[in-house]
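One structure is given here, and the rest of the page talks about it.
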Amino acid sequence: MRHALLVILALSAGPAFAADVSGAVVADDDEDLFKDESEKKGNNGDIPDAASFKDEDDMDIPTFEAPVKVVEKVKAAPAAPANVGMPADIAGKEVLADNWGPQVVVADKDAVVVEMPVLYARNRAGFDGVAYWLVAEAFADGKRVAQSRVEITTDAVADKGPSIQFFRLFTPVPSAAGVIVVNVSKAASATAKPTLLFTRSVNYKL
């Protein structure tokens, strides 16, 4: 009897349940809802694009060029002078004698430079060991305008070769052309009066 009542109730409720089901609105899936909302808002919907991540306070970072390294060129060392020997030939020359005349090597506005070589030893074995002073004096227009002196000792004499003193005298001159007279003397000491050995002269022109 109870079973029969349950069947009757089920049959009577069927049409109402069907009506409720047919009239209900079936909710879309979450994925479809998200798609619809995205289409309303645009292609990306609420998904931020790359521009959204840009900081408005961002500033362009300046770039700095690396400093240029300056490399200095290294100058090559000068070549060693060739061994050309003494610039004066001593063959047949006497020590402290009138072997060579003076030469003008520089001529300026109102002065000249005169060079005068003097042979004072052929080698150390031929030097007597007595020290003295060798003096050169230049005269222009009768006035002494330059003097140079050097002390000659054993240490100032070469052991095997000749020893030559190349006097260089800066000589002011009174005119554009004239004659320079050079006296070469020998003094026993720095304070002793020199003894004249010889005199030579040279013409000059500015």
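Amide H contacts under 5 Å for Thr171: Val112, Val113, Val114, restricted to partners 5 or more places along the chain or on a different chain, H placed in the peptide plane at 1.01 Å from N. Amide H contacts under 5 Å for Met86: none, restricted to partners 5 or more places along the chain or on a different chain, H placed in the peptide plane at 1.01 Å from N.
So, by mean Cβ neighbours within 10 angstrom, what's the order for 113-123, 85-95 with the highest one leading? Present the calculation step by step, with values, prior to reporting the outcome.
Numbers: 113-123: 19.4, 85-95: 11.1.
Taking the mean over residues of other Cβ atoms within 10 Å, the ranking is 113-123, 85-95.
Starting from 0.36 nm per residue, how many nanometres of slack lie between Ala176 and Lys205 once their C-alpha separation is accounted for? Display every interim value, and only then the final one.
Working: separation 29, 0.36 × 29 = 10.44 nm, distance 0.58 nm.
9.9 nm is the gain from fully extending Ala176 to Lys205.
Answer rounded, prolate or oblate for the stretch 77-156, using the Cα gyration tensor with square roots of eigenvalues a ≥ b ≥ c: rounded when a/c is under 1.5, else prolate when a/b is larger than b/c, else oblate. Intermediate values should be presented prior to the final figure.
On the way: a/c = 1.92, a/b = 1.23, b/c = 1.57.
It comes out oblate by the Cα gyration axes.
Which FRET efficiency value, to the nearest 0.05, do you get for Ser189 and Ala111 by plugging their Cβ-Cβ distance into 1/(1 + (r/R0)^6) with R0 = 30 Å? Don't skip to the end; give the middle numbers.
Numbers: r = 31 Å, r/R0 = 1.03.
Computed FRET efficiency for Ser189 and Ala111 comes out at 0.45.
Which values of log₁₀ I(q)/I(0), to two decimal places, follow from the Debye formula for the stretch 103-205 at q = 0.16, 0.18, 0.19, 0.23 Å⁻¹ with a uniform point scatterer at every Cα? Debye intensities relative to I(0), on a log10 scale: -0.71, -0.84, -0.90, -1.14.
Scanning residues 5 or more positions from Ala146 or on other chains, those with amide H under 5 Å from its amide H are Ala138, with H placed 1.01 Å from N in the peptide plane.
When the chain is fully extended, how far beyond the present Cα-Cα distance does Met86 get from Ala125, taking 0.36 nm per residue of separation?
On the way: separation 39, 0.36 × 39 = 14.04 nm, distance 1.88 nm.
12.2 nm is the gain from fully extending Met86 to Ala125.
Laboratory data are not the source of any read-out in this text; all were calculated from the coordinates shown. Please read all numbers here as calculations on a predicted model, not as lab measurements. Glycine also receives a Cβ, built like all others from the backbone with ideal geometry; neighbour counts cover every protein chain displayed.
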